[in-house]
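The values are calculated or read from the model by the stated rules, or taken from the named source; none is laboratory data. The model shown is predicted, which means the values in this text are computed figures rather than measured ones. With ideal geometry, Cβ positions are generated from the backbone for all residues, glycine too; neighbour counts draw on all protein chains shown.
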Amino acid sequence: MIEANDVVKRRAWRHPVSLSIEKGERVAIVGRNGSGKSTLLQTMIGVLRPDAGQVRLLGRDPYRQPAVRRRVAVAFQDLSLDGGYPVRRTLGLHAALFQIPKKRMAELVRRFEVPLEATSFHMSGGQQKRAELVKALAQDAEVYFLDEPTAGLDREGVGLLGEKLERLRRREATVVLVTHDTELLPVADRVIDFDELKERSARMEGEVQKLVLELSTWKPELDPKIKAIKPIIGYEVEPNPEVLQRLGIPPELFKGVVFVDDADEAGLAAAPGGAQQISTDILFERCRLKLETSDNRAALPELLKLLVEHEVRVLGVLEGS
């Protein structure tokens, strides 16, 4: 149903990635914020053209043969509602374009409680997301692409989405979910970690180098800034094992960067005499920053400048000097 062969979008990722999705599969694509998941989705449906490689959607090139897009349904993360007109107009045009029966559209509008007379500017984020989902779910499509479908939805909205996904499963429709919502993953037959896909591709080209620094501490505001350093492919921050041992915290509780205010949030048993208070400063004293880069020499100057600006000292280089 969907094939991406050695696809590159240089502003989002520069190593070729490949994946295929079979008919009737329900696939979840996960990854960090800004990793390029939405760009991948837009490339698979032909909204964007790959800089290299080839995409096939239902056997056709969706960028060069856009007519194939009429056979797919898409709920975008960046909502595609017309802000200057009532939602009724947007849904009506969509129904006419895709020949959606009025009864089906009206039923979904009722179930998802979409305010038809409101413009998107006067709707909450959850209402906008419901309207975007109605547009996609009303179609009788062969493939459904849903980008962050639960973002902004309340519990009732998530439940309605679950019902519709189950109905699509019975229809054996192909569904592609781009999501950060771990509670949505059980509905998928397969989970694709896009970060791992890119990193595997980089390793195959022999361009990944490792770098491990020992830092005086860690600050959460560094996360988006480190991700923005181009030579850095992936990274992980882990507390010093000696600190974890001293605090009596099992290392398996920590995967990546985890910040806790107290023992309860970390799922730890309270210490005798009351809850054990764990500060971020103590937890990440002499922590380790483990990076994979395309070029350590290119990454280090910008990385070190960033650490200095945030008053984080480098205590040592453990690997990849």
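Of the residues screened, Leu153 is one that is out of contact with any strand residue (DSSP E or B) (no Cβ under 7 Å at 6 or more places or on another chain) and either without any contact (Cβ under 8 Å) to a residue 60 or more places away in the chain or not aromatic (Phe, Trp, Tyr) (or both).
Test Leu41 against the stated conditions and say whether it is surrounded by 19 or more Cβ atoms within 10 Å (Cβ to Cβ), under 30 Å from Ala202 (Cβ atoms) and touching a residue at least 40 places away in the same chain (Cβ under 8 Å). Spelling it out, Leu41 is indeed surrounded by 19 or more Cβ atoms within 10 Å (Cβ to Cβ), under 30 Å from Ala202 (Cβ atoms) and touching a residue at least 40 places away in the same chain (Cβ under 8 Å). Which residue is surrounded by the most Cβ atoms within 10 Å (Cβ to Cβ), if the candidates are limited to segment 301-320 and must be within 25 Å of Arg14 (Cβ to Cβ) and more than 27 Å from the chain's Cα centre (by Cα)? Once the filter is applied, the top-ranked residue is Gly320.
May I ask you to verify whether Glu117 is within 23 Å of Glu148 (Cα to Cα) and acidic (Asp, Glu)? Taking the combined requirement at face value, the residue does not satisfy it.
Within segment 176-207, restricting attention to residues that are among the aliphatic types (A, V, I, L, M) and modelled with pLDDT under 85, the residue that is farthest from the chain's Cα centre (by Cα) is Met204. Just so you know, in segment 208-247 the residues that are of a type in the set (Asp, Glu) and assigned to a helix (DSSP H, G or I) include one that is modelled with the lowest pLDDT, and it is Glu242. Pairs are defined by a Cβ separation below 7 Å, a sequence spacing of at least 6 or placement on different chains, a first member in segment 310-321 that is at pLDDT below 85, and a second member that is among the polar types (S, T, N, Q); the pairs so defined are Gly320/Gln209; Gly320/Asn296. Screening Ala73, Ala106, Ala141, Ala95 for residues that are assigned to a helix (DSSP H, G or I), assigned by TED's automatic domain parsing to the domain that holds Gly34 and touching a helix residue (DSSP H, G or I) at 6+ places or on another chain (Cβ under 9 Å) leaves exactly one candidate, Ala95.
Pairs linking a residue in segment 52-70 that is without any contact (Cβ under 8 Å) to a residue 12 or more places away in the chain to a residue that is surrounded by 16 or more Cβ atoms within 10 Å (Cβ to Cβ), with Cβ atoms under 7 Å and 6 or more positions apart or on different chains, are Arg60/Val68. Taken over segment 53-70, residues that are in a loop (DSSP other than H, G, I, E, B) and either outside the structural domain of Met105 (by TED's automatic domain parsing) or surrounded by fewer than 20 Cβ atoms within 10 Å (Cβ to Cβ) (or both) amount to 6. Scanning segment 1-38 for residues that are at pLDDT 90 or above, surrounded by fewer than 17 Cβ atoms within 10 Å (Cβ to Cβ) and either polar (S, T, N, Q) or touching a Phe, Trp or Tyr at 6+ places or on another chain (Cβ under 7 Å) (or both) returns Asn5, Ser18, Ser20.
Residues in segment 1-35 that are part of a loop (DSSP other than H, G, I, E, B) and out of contact with any Gly (no Cβ under 6 Å at 6 or more places or on another chain): Met1, Arg10, Arg11, Glu22, Lys23, Gly24, Glu25, Gly31, Arg32, Asn33, Gly34, Ser35. For first residues located in segment 169-195 and surrounded by fewer than 19 Cβ atoms within 10 Å (Cβ to Cβ), partners that are of a type in the set (Ser, Thr, Tyr) and lie 6+ apart or on another chain with Cβ distances below 6 Å form the pairs Asp181/Thr150; Asp195/Ser35. Applying the set (1) crowded, with 20+ Cβ neighbours inside 10 Å; (2) under 30 Å from Ser294 (Cα atoms) to Tyr144 leaves exactly one unmet item: (2).
Among the residues of segment 92-124, those that are buried (at least 18 other Cβ atoms within 10 Å of the Cβ) and over 20 Å from Glu142 (Cα atoms) comprise Val109, Phe112, Val114, Ser120, Met123.
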